[in-house]
Structure formats: C-alpha cells, structure tokens
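Reviewing the structure listed below.
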Amino acid sequence: MTSILAPSQKILTPHLEIRGGARLSGEVRVTGAKNSALVLMAASLLSAEPLRLRNVPGLSDIQGMVEILESLGVDSKRGESSVELNGSGLNQSSPPYELVNGLRASFFCIGPLLARLGVARVPLPGGCQIGARPVVEHVKGLKALGAQVTIEHGVVSAVVPGRGHRLTGARIHLDCPSVGATETLMMAAALAEGETIIENAAQEPEVVDLAGLIIAMGGKVRGAGTPSITIVGMERLHGADYMVIPDRIEAGTLLLAGAITRSCLRVTPVIPDHLGAVISKLEEAGCKLEADGIGMTISADRIRAVDLRTQPFPGFPTDLQAPFMSLLATAEGTSVITEAIFENRLQHVAELQRMGAAIRTQGNTAFVEGVPGLSGAPVTGSDLRASAAMVLAGLAAEGVTMVQGLQHLDRGYDNLEGKLNGIGANIQRHGL
Ligand code: UD1
C-alpha cells in the first residue's frame, strides 16, 4: 500500500502506519490464547499419542514452539487454526539454544521432558525487556518432585535418579504464585508417582486450561483456578483433541480499542470471568459493557480517570497495564497506575509522552494526567504489550502514528491491524 507520509517522514524499518481518529464499529473476533496454546503445546511431550489443539493463534511464538518441539522429535502438522503434535518420536531431551533463545515459553519443555524421559537440559530463558524473570520456583518445585537440578553455563540440567527415573509426588509451596512455575510443575506432576499438591498456585485461566487438557489426556487434576492444586500422577497419558480458550488479553486490547476511540463495538468470544478486573475498571472509567453469553459489547463516550494496580489473577493483569494506560492518557482527570508484577514495565510511558501524553513516573507508579487529545508520532513498542499500547494510542491520535517494534507485536497478536481495519480503523503495514 502507498504511504501517506512525505518522503522526509518515512521510516524504513517494518512499521504500522496508523491514521488516527476513526470511529470503530461492528464485530471483531478474538483468537485462541497465546499463553495457553504455548503451554498446551509443550504438554504434547507428556504423551506418545497425538494431541490435536484447535483455536491456535497464528503467531511467530507458536511457530517457534513448533520448531522447538520438532527438534525434540515431535511430529507436527499445522492446520489453519489447529496444530497436531505427535510425541511418539520424542528422542531428545535438550532443545538447541538457537531455537530457545528469544522464546521464554521454551522453558515449559523442562517439566514434561523430565516427567517422560527422566532427563532434560533446557537453556535458561533469561530476562527480557520487562524484568529479570527468574525460574527459581520452577527449579525448587522440580527438586521437590525428586529431580537433581544443576544450572551451569546458562543451561538447566535436570535428571531423575533411581532405576525408574520417575518423579515422585510432593507437597510444594510456591513463594509467589508464578504462572510458569505452576504450569511446569503441573505437567511434571502429571506423570509422577503419587500425589502432588501445589500451594499458593497461580489461578490464571491458562492454568485452568492446562488442567483441562491434562484431564482430557486421562490425568487427574483438582483445584485448578484456586490457590491449591492437586495432581494425581498417572503412568501414562493418552492423546486428546482440545480447544484453546479465547485470548483474554487480546479481548481486553480490542475492548480498549473501542474505549479509546469512543466507539461502540462487539468483541467475541469473551469469557467475562476471565476479564473481571478489566471489565470493572472499564466500567469505573465510564464505559458501558454488556455480555450476551458469547461476546461482549462496549460503548464509550466520556472516559474518567481510574486508579489501578496490577496483581496476579483475579487482579488486574500486568499484560493489559500498558494498553489501559493509553486509554487513561485520554481520560478526564489523573489516574494512578502501579505496576506490581514486573520491575521494568513502564517503558511505554516515554513513547506515550512523544504522542503528547502527560505522564509522570515515580518508581513503578505512573501518574497519568489525561489530555484532550494525543498527536501522531513515530513510536517504538519495547515489548509485546507496549506495542499494543502504541497501536491503541495511534487509533485515537490526531494525524499519523508509525509504530515500530513489530517483531514484538507479531509474537502475540494475530493480525491485529487486519482485525482493527475490519471494524473501521485505518492501518497500513510497511516493510517486511
Ligand atoms: C506469564 C505470562 C505473561 C504474564 C505473566 C504474569 C505466559 C507464557 N506468560 O509469564 O504474559 O505477564 O505470566 O501474569 O504465560 N517470579 C519469581 N520467581 C520465579 C518465577 C516468577 O520471583 O521463580 C516472579 C516474576 O519475577 C514476576 C512474577 O513472579 O515478578 C510473575 O511471574 P510469572 O507468573 O512466573 O510469569 P510468567 O509465567 O513468566
């Protein structure tokens, strides 16, 4: 497509060019949850029978996970929105660094590899833009299940000693309700001998989705969605055909697109219980939301300031903090936003300021004084959700916003610009 910018304003790196100010209307579809799909794919390592996952989003992270599983001997077949994974050929316990590098979800493989093979060597996922992201809880839990774990030269090596090389159920208390640690330990415990109880477990919907899959594969899990999860280990799990839950973060982003453009639109499918804290905050800000059993309609006119603090589920999700800040940058009054999950997740503030937002930060708190209008500018998304925040700000801004950092956006949003254009936005992608 042709750019509407003068040659002097052009940028060469891949970017979205957003002409702001359009009202949105109609209906927009949410795809399957990235964070669920990634862990469910890793769960294919738990069985020697085929696992078919439906409602899998088309994302670069999903492709990355397919490649990692293939490197371990898993056979894969990709359909339009499905993926079939057959773990019967599993013959490697160590995914190569070059595939793992950059895909944090690769660390999910350690639990099922250890459970099925009794040995796993997985490179440390490392930190990322938003924080250090330790795996201490994952490692502590695997040790409690009987694994010997060492970390050397950036690689976590784990082995289950003894003749059967089988993990043993245990009571594990997590120091913090880590989503990744809960999921890793659930997968490991699914093939362990005896019962495992995970206390102070994460309660996120993706944890419940994983429990649903393990049960569909013949496993026994109780309590997922509460702070105490019990898993009874099985000798083997069978194949399954399983539907991934809708992506609550994508749904939240699309509802925010309606709010920031002061529009009325329907987002579907939405499971309201997955977005309770977000829906409350949108309502407190003055939006009207109506659930109809499948989707949710949002209508927005005037937006008031609200305060929010990120928390583990069912609290306000850290993954929607940046997108919500874009909305509050346009609200009447001053909002106070505190990021309490990740230590470095306010990098979008500087980019929003470039668009005319009035935001001041102190530590991990942002004071967002709403302005009557944002103005288009070249901006860069520093991580996945920050990129989405830039797209939202661009929808509301006067003039043209160029969003760079698409490698982040494409990791987690399946055709975001296509979906937004389908409901009236004006976004063009430039560069490969
Ligand atoms: C998952 C999500 C991510 C989301 C995050 C928090 C996936 C693939 N990613 O990431 O999108 O932003 O949950 O909802 O599902 N922590 C420790 N020690 C540990 C592990 C974690 O202190 O051993 C801390 C982290 O530093 C962070 C907090 O716990 O402050 C939450 O991290 P965690 O729940 O583990 O996030 P992820 O599973 O990595």
Practice prompt. Go through Gly20, Gly79, Gly26 for me and flag whichever is farther than 19 Å from Gln407 by Cα, surrounded by fewer than 15 Cβ atoms within 10 Å (Cβ to Cβ) and in the same structural domain as Asp319 (by TED's automatic domain parsing).
Written response: Gly26
Worksheet item: What number of residues in the stretch 313-355 are part of a loop (DSSP other than H, G, I, E, B) and either within 16 Å of the ligand (Cβ to nearest atom) or touching a residue at least 40 places away in the same chain (Cβ under 8 Å) (or both)?
Response: 17
Item to complete: For Leu142, state whether it is more than 22 Å from Gln407 (Cα to Cα), touching a residue at least 60 places away in the same chain (Cβ under 8 Å), surrounded by 15 or more Cβ atoms within 10 Å (Cβ to Cβ) and assigned by TED's automatic domain parsing to the domain that holds Leu53.
Response: no
Worksheet entry | Members of the stretch 145-159 found to be crowded, with 16+ Cβ neighbours inside 10 Å and either more than 22 Å from Glu98 (Cα to Cα) or among the hydrophobic types (A, V, I, L, M, F, W, C) (or both), listed by number | Leu145, Gly146, Ala147, Val149, Val156, Ala158, Val159
Fill in: Residue check, Gly162 away from the ligand (no atom under 14 Å from the Cβ), part of a helix (DSSP H, G or I) and not basic (Lys, Arg)
no
Item to complete: Select from the stretch 106-148 the residues that are part of a strand (DSSP E or B) and farther than 23 Å from Met41 by Cβ and list them in ascending order.
Response: Gly131, Gln148
Worksheet item: Any residue at all in the stretch 334-342 that is at pLDDT 95 or above, farther than 26 Å from Pro378 by Cα, in contact with a Leu (Cβ under 6 Å, 6 or more places away or on another chain) and among the β-branched types (Val, Ile, Thr)?
Response: no
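Tally time: how many residues in the stretch 162-180 are among the small types (Gly, Ala, Ser) and surrounded by 12 or more Cβ atoms within 10 Å (Cβ to Cβ)?
4
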Worksheet item: Restricting attention to the stretch 39-61, which residues are surrounded by fewer than 24 Cβ atoms within 10 Å (Cβ to Cβ) and within 16 Å of the ligand (Cβ to nearest atom)?
Response: Pro57, Leu59, Ser60, Asp61
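Select, from Thr261, Thr230, Thr182, the only residue that is among the polar types (S, T, N, Q), farther than 23 Å from Met296 by Cα and more than 18 Å from the chain's Cα centre (by Cα).
One residue alone meets the criteria, Thr230.
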Worksheet item: Quick one: how many residues across the stretch 381-392 are at pLDDT 95 or above and touching a strand residue (DSSP E or B) at 6+ places or on another chain (Cβ under 7 Å)?
Response: 3
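Can you confirm whether the stretch 193-201 contains a residue that is outside any loop (DSSP other than H, G, I, E, B), surrounded by fewer than 20 Cβ atoms within 10 Å (Cβ to Cβ), small (Gly, Ala, Ser) and without any contact (Cβ under 8 Å) to a residue 40 or more places away in the chain?
No, the conditions are met nowhere in the stretch 193-201.
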Discussion item. For the stretch 254-265, check the following and say yes or no: at least one residue is modelled with pLDDT of 95 or more, in a strand (DSSP E or B) and among the aliphatic types (A, V, I, L, M).
Written reply: yes
Worksheet item: Would you call Val66 surrounded by fewer than 21 Cβ atoms within 10 Å (Cβ to Cβ) and within 16 Å of the ligand (Cβ to nearest atom)?
Response: yes
Worksheet entry | Those residues of the stretch 356-372 which are assigned to a loop (DSSP other than H, G, I, E, B) and either over 27 Å from Val400 (Cβ atoms) or within 16 Å of the ligand (Cβ to nearest atom) (or both), in sequence order | Gly363, Asn364
Worksheet item: What is the one condition in (1) over 25 Å from Pro50 (Cα atoms); (2) under 21 Å from the mean Cα position of the chain (by Cα); (3) of a type in the set (D, E, K, R) that Asp209 does not satisfy?
Response: (1)
Discussion item. So, in the stretch 183-227, how many residues would count as being in contact with a Gly (Cβ under 9 Å, 6 or more places away or on another chain) and within 12 Å of the ligand (Cβ to nearest atom)?
Written reply: 9
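The values are calculated or read from the model by the stated rules, or taken from the named source; none is laboratory data. Quantities reported herein were computed from a predicted structural model and do not represent experimental measurements. Counting neighbours? That spans all protein chains shown, and the Cβs are built from the backbone with ideal geometry, glycine included.
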